[in-house]
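Have a look at the structure below, then the notes.
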Amino acid sequence: MSETLEQGLNDKVKELIVRRLKLTIDPNTIKDDAPLFGEGLGLDSIDALELVVGLEQEFGVSIPDEDVGREAFASVNALVAYVRKIKGNG
Amino acid sequence: MSEGIAKMGVQEIYKILPHRYPFLFVDKILDLMPGKSGMGIKEITYNEHMLLSSPVLLIEAMAQVAGVILAYPLLGLGDSLGGERGLKRGGGDYAGYLIEVKDIAFSGDVSAGDRLILNLALIQKFGNLFRFDGRAIVGDKVVIKGELSIAVVKTAKSPPPPDNPPLPPFTKGG
């Protein structure tokens, strides 16, 4: 996958995070490798549920359990890698 | 094959939910698909003004139906009320909490005498969190709809309920 396409997916994921969680930040300010939960964006478990619903509805990607979620939600880069893997582009 | 439960009366609901009159807002459950969906029925009476004046308790009514839907798989009851009924107050060793409501739309058209139909369907599960689509219908009108999230947590053992929890008293000539 080209760098441009990959960055495009990163941007889509950031836009999804900001829109679904109603964050009042510019999606471009989210760092690709920063943690989404805890000290990163400071998201919580309810936000995780919202992202799981959003990924399923908008990307057709399901996160079946917390273990998978822990890995996928590590950062934007990790989430993009997970989406690519499930969609067969990884 | 998993089968649904066609009908559950208030005495069965008593064994699952900790809520009691006047804060139990489900009279019966129909078409229960354990862990997935169910339809709650609430007949609204003239003295339940709290249900008529605010959408908050209509949301609570939907959450109570969601609690029954979730209780079955948690309690290992399978798909039937027959056989061993090891139900305990408040769902045994589990408690469900309404943690989020989202995209609620309320029309306010609820009156005494209305039959409120509470349709709940699981959208997504993640860990101990469950997101439901909820719709309360009177006649052919949706009076409130939205998404509800329930967190289920394991709790310390609660005291067993009375064998036959009393129903609300009936007052003659009221």
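Each value in this text was obtained by applying a stated rule to the coordinates, not by laboratory testing. This structure is a prediction, so every number in the text was calculated from the model and none was measured. Glycine also receives a Cβ, built like all others from the backbone with ideal geometry; neighbour counts cover every protein chain displayed.
Observations, loosely collected:
- Once backbone amide H atoms are built at 1.01 Å from N, A:LEU43 has A:PHE37, A:GLY38 as its partners under 5 Å, excluding neighbours fewer than 5 places away on the same chain.
- Amide H partners (placed H, <5 Å) of B:ILE99, local residues excluded: B:SER149, B:ILE150, B:ALA151
- The GluC sites (Glu not before Pro) of the stretch B:1-65 meeting both criteria, a DSSP state outside H, G, I, E and B (loop) and at most 13 other C-beta atoms within 10 angstrom of the site's C-beta, are B:GLU3.
- Excluding exposed DSSP-loop trypsin sites (Lys or Arg not before Pro) (at most 13 other C-beta within 10 Å), longest clean stretch of chain A: A:32-90
- Scalar couplings 3J(HN,Hα) for the stretch B:115-129, obtained by applying the Karplus form with A = 6.51, B = -1.76, C = 1.60 to θ = phi - 60°, are 9, 8, 9, 10, 9, 10, 9, 5, 8, 7, 10, 8, x, 9, 10 Hz; x denotes Gly and Pro.
- Nonlocal amide H pairs with B:ASP27, under 5 Å, H built at 1.01 Å: B:ILE41, B:LYS42, B:GLU43
- Quick note on the stretch B:5-154: its Rg to Rh ratio, both from C-alpha atoms and Rh being the Kirkwood radius, is 0.94.
- Peptide A:46-55 - average C-beta neighbours from other chains (10 Å radius): 5
- Most fluctuating residue given options A:GLU50, A:GLU58, A:GLU71, as computed from a GNM of chain A linking Cα atoms under 10 Å: A:GLU58
- Convex hull of alpha carbon positions in chain A: directionally averaged projected area 5.3 nm².
- Counting Cβ atoms of other protein chains within 10 Å of each Cβ in B:97-109 and taking the mean gives 1.
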